[in-house]
Amino acid sequence: MKTRSLTSQKVNQISPSGIRRFFDLLAGMEGSISLGVGEPDFSTPQHLTEAAIRSLEKGKTSYTSNSGMPELRQELSRYLNDNYNVEYDPNGELLITVGVSEALDLAMRAILDPGDEVITHDPCYVSYVPSIIMAGGTPVMIPTNEENNFELSAADIEERITDKTKAILIGYPANPTGAVMPRHKLAEIAEMARHHGLLIISDEIYAKLVYGVEHTCIAALPEMKDNTIFLGGFSKYFAMTGWRVGYAAANKEIIASMTKIHQYTIMCVPTMGQVAAIEALKTGDADGEEMRAEYDRRRRVIVKGFNELGLSCFEPHGAFYAFPSIKSTGMTSEDFVEKLIMEEKVAVVPGTAFGEQGDGYVRACYATSMAEIEEALSRIKRFLDKHRVA
């Protein structure tokens, strides 16, 4: 009798997330410090939570429109115009999703046919490649490196374009590197994409978390709104990770296709999360800016600390991650992470979780208290003193 796999070949070729694997080692360890999971250590601002509580008390617990509450889409349209100078029709060009993760999945499934290629950068966020593969596409990776500030170039993309290329997926400010793309480079990529008739999917979840530089929304560049699927959300800037509210903004044809999938798989985002998101758009920026200022303070401390320890650290200008090189230790990224957890109870993420170009690096999230960052640096120093290559 012929034996068949019970699970999909597409799924079988995907590895489990490299972020989570090492944190099982931390379970039950007293006194451990995690610089691993990319999540604010701040609670959701109280007035956002209270808005959601009031909605529950009023019995607002039913389904909403598949696209999201009309008021949320209206507020989001205003917010995107005010912050990024790009106008989206709340009735047809915006879709509220279960975090940016669902928005990315929907975008891939809505635009890709089997064998279509999507160009993206290495290193990149862990879900990019699996999302492409699960939608039937083929990822085409472009190496980026510290010498070039982990930035993409239009020339590097153009070299990899084939007759199967459908889209370019970019995520800046970047997870894991903290890199921010300058406006002129994004403009070159935009012009090249228009020339070749390619879509750009732009993950801008960290758009408001930049330090000393400006973030450019690629959809706001000339003639790019209809050629871009702009993804964003509330998790990072508003400290709303567990609420799971994100969005996609694109032309009506693309949003209609994404909504078809969304309505059959998700139905709608939880109502109370949408209510909190409305309040965030109306009154949450002051809270977001306060948290951003604190991340900036921590960013300077952790980058300086890694450099002083001899772990050369690229200066991140966005998100809340440092990406120091551990090549001087002679260890692989995985060995470094596992030994650091076991010996000093400090968790970071191996750079290889984000692609081949992450080899020799680790990701350290500084969205944790200053006291824990300073203690982690002290423990890492002790660890390095034990393992220093002569």
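Throughout, read-outs are computed from the coordinates displayed, never taken from laboratory work. Everything quoted here is computed from the prediction, not taken from an experiment. Glycine also receives a Cβ, built like all others from the backbone with ideal geometry; neighbour counts cover every protein chain displayed.
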I'd like the FRET efficiency for K58 and D82, computed as 1/(1 + (r/R0)^6) with the beta carbon distance as r and R0 of 25 Å, rounded to 0.05. 0.30
Which of Y88, Y264 has the fewest other C-beta atoms within 10 Å, and how do the rest follow up to the most? Y264, Y88
Whole angstrom only: what separates the Cα centroid of segment 48-99 from the Cα centroid of segment 226-245? 12
Return the long-range amide H neighbours of D122 (sequence gap of 5 or more, or a different chain), with a cut-off of under 5 Å between placed amide H atoms. I142, T144
Which value, in debye to the nearest 20, gives the size of the charge dipole of the chain about its Cα centre, when Lys and Arg are +1 and Asp and Glu are -1 at the Cβ? 860
Neighbourhood charge, 14 Å Cβ-Cβ cut-off, centred on A207 and excluding it, Lys, Arg +1 and Asp, Glu -1: -2
May I ask you to evaluate 6.51 cos²θ - 1.76 cosθ + 1.60, the Karplus curve with θ = phi - 60°, for each residue of segment 170-180 and list the ³J(HN,Hα) values in order in whole Hz, giving x for glycine and proline? 10, x, 9, x, 9, 10, x, 7, x, 5, 10
Go ahead and run the numbers for FRET between D89 and E146, Cβ-Cβ distance against an R0 of 25 Å, rounding to 0.05. 0.05
Name the residues of segment 87-107 whose amide N is less than 20 Å from a point 7 angstrom out from the Cα of I261 along the C-beta direction? 92-107
Here the residues of segment 132-153 lying in the modelled label zone of S312, meaning backbone nitrogen under 17 Å from a point 7 Å along Cα-to-Cβ, are 144-151
How do C217, C365 line up, fewest other C-beta atoms within 10 Å first? C217, C365
Total lysine pairs under 23 Å (Cα atoms) in segment 46-283, excluding pairs fewer than 8 apart on one chain: 16
Quick one: R292, R300, R363, fewest Cβ neighbours within 10 Å first, how do they rank? R300, R292, R363
Any idea what angle helix 70-84 forms with the longest principal axis of the chain, computed on alpha-carbon atoms, 0 to 90 degrees, nearest 10? 60
Sum up the charges of everything whose Cβ sits under 10 Å from the Cβ of V98, counting Lys and Arg as +1 and Asp and Glu as -1, but leave V98 out. -1
Within the set of other residues whose C-beta is less than 15 Å from the C-beta of A187, count the net charge using Lys and Arg as +1 and Asp and Glu as -1. -2
Directionally averaged projected area (convex hull, Cα atoms, segment 46-283), nm²: 12.3
